[in-house]
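The values are calculated or read from the model by the stated rules, or taken from the named source; none is laboratory data. This one's a predicted model, so the numbers in the text were calculated from it and none came from an experiment. Cβ placement follows ideal geometry from the backbone for every residue including glycine, while neighbour counts extend to all protein chains displayed.
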Amino acid sequence: MADAQTDIVMRAEGISMIYPGTVALNAVDYRVHRGKVNVIIGENGAGKSTLMKILAGVQQPSSGRIFLNEAPVTFSSTRDAASHGVGMVHQELNLFGNLSVAENIFLGREKQRGLMPLDTTEQHRITRELMARLNQAIEPSELLANLKVGQQQLIEIAKALADQADVLILDEPTSALSKTEVELLFEVIRDLTAQGVSIIYISHRLEELMAIGDHITILRDGNLQSEALIKDIDVPWIVREMLGNDPVSDFLPAERTFGDPVLEVRDLTLVSPTGLTLVDDVSFDVKAGEIVGIYGLMGAGRTELMECLLGLQRYVGDITLSGTAVNEATSTSERIQRGMCLVPEDRKKNGIFPVSSVSNNMTISSLWRRLKHRFTIDETAEAQAVETAIKGLSIKVSSPEIEIRALSGGNQQKVVIGRTLLTDPKMLLLDEPTRGIDIGAKGDVFNMMVSLSQKGIGVLFSTSDLKEIMAVSDRILVMSGGKLTANVSRHDATESALVSASAQGL
Amino acid sequence: MNTPNEHATKSASMLSKDNLLLLVLKLRTFIALFLIVGFFTAMVPGFLEPSSLIIMVKHIAINAFLALGITFVIITAGIDLSIGAILGFCGMVAGWLITKGIVLPMLGIAIFPSIWLVVPMVLVIGGLIGAVNGFLITRYNVAPFICTLGTMYVVRGAAMLLSGGETFTGLSGNPQLGNTGFEEIGSGKLLGLPYAIWMMFVLAAVIAYIAKKTQFGRHVFAIGDNEHSAELSGVKVNKVKVWVYTISGLCAALAGIVVSSQLVASHPATGIAFEMNAIAAVVLGGTSLAGGRGSITGTLIGAFVIGILADGLVMMGVSEFWQMVVKGVVIIVAVIIDQKQNRLQHKAAIVKQT
């Protein structure tokens, strides 16, 4: 197929999206090529998701126009976009395990009139057609929960296709898939493009993009950075375009000295109840006063690794904390008392106690340190500790008695960090500590990590942001598919090497 | 600059109005208590006579034992439906121990423990039943509602089986066996007030102390607020939960002892639907069924509101059927106000924060 023949099915012109305080998209022009896989990539916060949400009708742009087959359109809702043939498959699956495949596909638009019963025959007929299009031998009456994750992903695609989708947006469709499932998905994508469906494909996995993509668009800080044909470019070019050449801000002072290892991990393996290897034979050390960053994509096993370290998962392997072994049966609370503490990734779900006061949120992990007669909480000492922590972390709070849910995300995060500090940790684990907080608070968090490390605390943190990992790590670990694929000192690390290590084995 | 100032004063005045409302809402159980007492004082002659007050508070004490015990359970976002049954069962066990003793067939004798042994034994049995609840809930991940519904039936059935549905009478014991004095618990007085009333206040003080001043209390609130976070913060969630249900069972056993001592008899059907009154008192006291929020004083006041309402209506001669309707309405209104308070409190916190 010659390039001249490919035309533009969808076009966005001067799309801007302005939120109070930030410009998520700045006059972006975007083109979707008909019958091609249009890859879009950018760092977290570059604006890809916002752009996709606008194209799929989830959000309405502040300004700019969208053309479908050169006719101007506006989408007031996802339903509206779907009726124009634009469908989106979100990263998280929106499916119901207790319903059949056909019921999932027709949820909310069941074939039914008035008081008549559901037209199951018709629903099953259409489902069977869709499955044939996707080359899948899945029975329409099969319970969704019985399907593998990869197949469930295809059901999401089938849902979009049932709406006669012409343009299909896939948001990180492979983040939960195994290697063979990814192959299957790629076959389906190739089939669909051959049928004339245009695909917009978002992913962080560069190797994957190179394998499946036709056109690539790179966004950076809300601007369109560049467009190219995949066959003309290579991975280092993408990394360069994605990150730009701005110098990475550096939070670390020049001279860094480390002590003895605080945390030694040997052959740590975690197998999920379903038989997936989530953490695969990982070994590393963290020295006193050292900041170690773990870089990796979603599903690389970073969170699971941290959960193993804190004893929240049933793992196999040896963990040594300040020279004494921590065995598998050591409870979380004992690990905390021995000096290991975690700031979890999902603050809302695993971090805060929303209706409790800031003060109670902060001291819950360290009550054992301030007891009178080993029983009663020493309230004076507690108030003092809270006050010191609030000052030390510059938390903006009118009173420590206020409910934590009234605070901004950044301040909530600082309270959670304060909670770990009050336990007087030797080894601090931070899982994506900068997720969902503003840039100012990010800087505060990094500075705090550095000053803690200077007090001799070992710090292990994870992030999926390359700039962050370069900014505050003394040493960088890269995880991919549960394995440790790189363990380099920061001075020897290059961004493209980290990116390719993060995609190893996928 | 004019507008920002104006805006500021406007929001400040709104704030103070909201704050006043919030204060009123926070003290609502207190206010409700005063209103109810005032209302009945006006409507029922001699309502405030010490003798009738003491009788009322004696009634309230039974419900308060159960309500205080179940407050921790509800703060962890759980529920315990078995407390009424535990009350009945423990009363029966006490009756059995006093009237029949511990029969040892192989030796052909029966041991009649003294009251000083009977009471602790019954309390331990109540606590153990609670611990079984907690164990089933944490170990086998059974929903608290279902689990305690099940134990409610089992325990009630067991109470019936103990006597074949009959009442144990004559719990005053036998001087020759040295097990007299059980009825003292129900009828004895200290400084003119029945023991039950003193026990209620002491229990409330102990539970309030645990809630406010101990690690365990903080952990209870943390579990109800966010169990995942609690786990990650090093709270031994399962252990705390087992204890919470144990306390609930223990308090129900205490109520069972007091009731059967007051009646000097134990009947296996005693305490049916008592758990509902206890839950109502807890909710009236501002403890959220969703967990994480609650107060012990609130529960105590809630028990007073429910008790005074019930006895007051009786004294006014209102029919039993209307009493039910009134109680139901009061509970629903209380929960609606609670929701309103939550929203206002959240709003006030945000305003204060910014």
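Within segment A:449-474, the set of residues being buried (at least 23 other Cβ atoms within 10 Å of the Cβ) and not in a helix (DSSP H, G or I) comprises A:I457, A:G458, A:V459, A:L460, A:F461, A:S462, A:T463, A:S473.
If only one of B:K340, B:K327, B:K347 is farther than 29 Å from B:T151 by Cα, part of a helix (DSSP H, G or I), in contact (Cβ under 8 Å) with a residue 40 or more places away in the chain and away from every other protein chain (no Cβ under 14 Å), which one is it?
Numbers: B:K327 fails: farther than 29 Å from B:T151 by Cα; B:K347 fails: away from every other protein chain (no Cβ under 14 Å).
Being farther than 29 Å from B:T151 by Cα, part of a helix (DSSP H, G or I), in contact (Cβ under 8 Å) with a residue 40 or more places away in the chain and away from every other protein chain (no Cβ under 14 Å) holds for just one of B:K340, B:K327, B:K347, which is B:K340.
Summed over segment B:147-205, the residues that are surrounded by 15 or more Cβ atoms within 10 Å (Cβ to Cβ), without any contact (Cβ under 8 Å) to a residue 60 or more places away in the chain and of a type in the set (K, R) give a count of 0. Among the residues of segment A:420-459, those identified as closer than 19 Å to A:M362 by Cβ, within 24 Å of the chain's Cα centre (by Cα) and of a type in the set (A, V, I, L, M, F, W, C) are A:L428, A:L429, A:L430, A:I437, A:A441, A:V445, A:M448, A:M449. For A:I218, the conditions (1) at pLDDT below 85; (2) of a type outside the set (K, R); (3) not in a helix (DSSP H, G or I) are fulfilled apart from (1). Looking only at residues in segment A:234-262 that are over 26 Å from the mean Cα position of the chain (by Cα) and aliphatic (A, V, I, L, M), which one is modelled with the lowest pLDDT? Within segment A:234-262, the match that is modelled with the lowest pLDDT is A:A254.
Given the options A:G351, A:G409, name the one that is touching a residue at least 60 places away in the same chain (Cβ under 8 Å) and farther than 28 Å from A:L263 by Cα.
A:G409
Within segment A:368-390, the set of residues being over 21 Å from A:L342 (Cα atoms) and either surrounded by 14 or more Cβ atoms within 10 Å (Cβ to Cβ) or modelled with pLDDT of 85 or more (or both) comprises A:L371, A:T376, A:I377, A:D378, A:E379, A:T380, A:A381, A:A383, A:Q384, A:E387.
In this structure, does A:E181 turn out to be in contact with a helix residue (DSSP H, G or I) (Cβ under 8 Å, 6 or more places away or on another chain) and part of a helix (DSSP H, G or I)?
Numbers: in contact with a helix residue (DSSP H, G or I) (Cβ under 8 Å, 6 or more places away or on another chain): yes; part of a helix (DSSP H, G or I): yes.
Yes; evaluated as a whole, the condition is true for this residue.
Among the residues that make up segment A:221-234, is at least one of them under 30 Å from A:G289 (Cβ atoms) and touching a residue at least 12 places away in the same chain (Cβ under 8 Å)?
Residues of segment A:221-234 under 30 Å from A:G289 (Cβ atoms): none.
The answer is no, given that none of the residues of segment A:221-234 is under 30 Å from A:G289 (Cβ atoms) and touching a residue at least 12 places away in the same chain (Cβ under 8 Å).
Of the numbered criteria (1) over 23 Å from the mean Cα position of the chain (by Cα); (2) assigned by TED's automatic domain parsing to the domain that holds A:K53, the one A:V286 fails is (2).
The condition of being assigned to a loop (DSSP other than H, G, I, E, B), aliphatic (A, V, I, L, M) and free of Cβ contacts under 8 Å to residues at least 12 places away in the same chain does not hold for A:A325.
Scan segment B:175-195 and give yes if some residue there is within 14 Å of chain A (Cβ to nearest Cβ) and more than 30 Å from A:C341 (Cβ to Cβ), otherwise no. So far as segment B:175-195 goes, no, none of its residues is within 14 Å of chain A (Cβ to nearest Cβ) and more than 30 Å from A:C341 (Cβ to Cβ).
Within segment A:310-320, can one find any residue that is farther than 30 Å from A:S464 by Cβ and at the interface with chain B (Cβ under 8 Å from one of its Cβ atoms)?
Residues of segment A:310-320 farther than 30 Å from A:S464 by Cβ: none.
The answer is no, given that none of the residues of segment A:310-320 is farther than 30 Å from A:S464 by Cβ and at the interface with chain B (Cβ under 8 Å from one of its Cβ atoms).
For segment A:119-160, the tally of residues that are in a helix (DSSP H, G or I), charged (D, E, K, R) and surrounded by fewer than 17 Cβ atoms within 10 Å (Cβ to Cβ) stands at 5. Regarding B:A334, is this residue part of a helix (DSSP H, G or I) and within 14 Å of chain A (Cβ to nearest Cβ)? No, not satisfied.
Within segment A:383-418, how many residues turn out to be facing chain B (nearest Cβ under 10 Å) and of a type in the set (D, E, K, R)? Qualifying residue count, segment A:383-418: 4.
Put simply, of B:I137, B:I115, B:I129 the only residue that is buried (at least 19 other Cβ atoms within 10 Å of the Cβ), under 16 Å from B:T180 (Cα atoms) and touching a residue at least 12 places away in the same chain (Cβ under 8 Å) is B:I115.
Look at A:L270 and say whether it is farther than 23 Å from A:A471 by Cα, touching a residue at least 24 places away in the same chain (Cβ under 8 Å) and within 14 Å of another protein chain (Cβ to nearest Cβ). So that I can check it myself, show each step before the final result.
On the way: farther than 23 Å from A:A471 by Cα: yes; touching a residue at least 24 places away in the same chain (Cβ under 8 Å): yes; within 14 Å of another protein chain (Cβ to nearest Cβ): no.
Spelling it out, it is not the case that A:L270 is farther than 23 Å from A:A471 by Cα, touching a residue at least 24 places away in the same chain (Cβ under 8 Å) and within 14 Å of another protein chain (Cβ to nearest Cβ).
The residues of segment A:343-369 that are within 9 Å of chain B (Cβ to nearest Cβ) and farther than 30 Å from B:Q345 by Cα amount to a single one, A:W368.
What about B:Y140, is it farther than 23 Å from B:L263 by Cα and either small (G, A, S) or at pLDDT 95 or above (or both)? Taking the combined requirement at face value, the residue does not satisfy it. In segment A:326-342, the qualifying residues are those that are more than 9 Å from chain B (Cβ to nearest Cβ) and over 23 Å from A:M449 (Cα atoms), and the one that is surrounded by the most Cβ atoms within 10 Å (Cβ to Cβ) is A:V326.
Residues considered: A:T434, A:T420, A:T485. Of these, the only one that is assigned to a loop (DSSP other than H, G, I, E, B) and in contact with a strand residue (DSSP E or B) (Cβ under 9 Å, 6 or more places away or on another chain) is A:T434.
For segment A:344-353, enumerate the residues that are in a loop (DSSP other than H, G, I, E, B) and either buried (at least 23 other Cβ atoms within 10 Å of the Cβ) or at pLDDT 90 or above (or both).
In the first step, residues of segment A:344-353 are kept if they are in a loop (DSSP other than H, G, I, E, B); the result is A:344-346, A:352-353.
The answer is A:P344, A:I352, A:F353.
For every residue, the table says whether it meets (1) modelled with pLDDT under 85; (2) within 17 Å of A:D221 (Cβ to Cβ); (3) surrounded by fewer than 21 Cβ atoms within 10 Å (Cβ to Cβ).
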{"position": "A:I18", "(1), (2), (3)": "yes, yes, yes"}
{"position": "A:D29", "(1), (2), (3)": "no, yes, yes"}
{"position": "A:G47", "(1), (2), (3)": "yes, yes, no"}
{"position": "A:Q60", "(1), (2), (3)": "no, no, yes"}
{"position": "A:F67", "(1), (2), (3)": "no, no, yes"}
{"position": "A:F75", "(1), (2), (3)": "no, no, no"}
{"position": "A:A82", "(1), (2), (3)": "no, no, no"}
{"position": "A:M88", "(1), (2), (3)": "no, no, no"}
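Yes/no matrix, rows are residues, columns are (1) under 26 Å from the mean Cα position of the chain (by Cα); (2) within 18 Å of B:A253 (Cβ to Cβ); (3) at pLDDT below 90; (4) of a type in the set (G, A, S):
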site	(1), (2), (3), (4)
B:G101	no, no, yes, yes
B:F135	yes, yes, no, no
B:A158	yes, yes, no, yes
B:Q176	no, no, yes, no
B:L190	yes, no, yes, no
B:A196	yes, yes, no, yes
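Note on segment A:398-417: residues that are in a loop (DSSP other than H, G, I, E, B) and surrounded by fewer than 22 Cβ atoms within 10 Å (Cβ to Cβ) total 6.
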